[in-house]
Amino acid sequence: MLGQPLYPDPLSVAQEWCANGRGVAIATVIETWGSAPRPVGSHLVIDADGNFHGSVSGGCVEGAVIAEAAEVIASGTARILEFGVADETAWRVGLSCGGRIRIYVERLG
């Protein structure tokens, strides 16, 4: 185990899941403004059964992204999600700290 990361890279996990025939979506942070828990380029991979690995934010934002990913896997249509202070859902999804985050969700495979 020496030299292996404690947590595998989300892109490696996505590749493995796709190779095993799972329906997979990847969510990528594409823009942040103000306070945001994860930087641009952070990834969350989600399979059709709701399993996930990685992180694009925290708390309820990730729950909302996972739910949207299920629809992206089913439809094949990519989406850009935005959560933030200008959005009335900001408090509901846990962005009470004054930031904004945009996340691109696409199906893989």
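None of the figures in this text is laboratory data; all of them are computed from the coordinates on show. In this text, all values refer to a predicted model and were calculated from it rather than measured experimentally.
Worth pointing out:
- On the principal axes of its alpha carbon atoms, segment 1-82 extends 38, 32, 18 Å, with the longest extent given first.
- Taking the convex hull of Cα positions in segment 15-57, its mean projected area over all directions (nm²): 3.1 nm²
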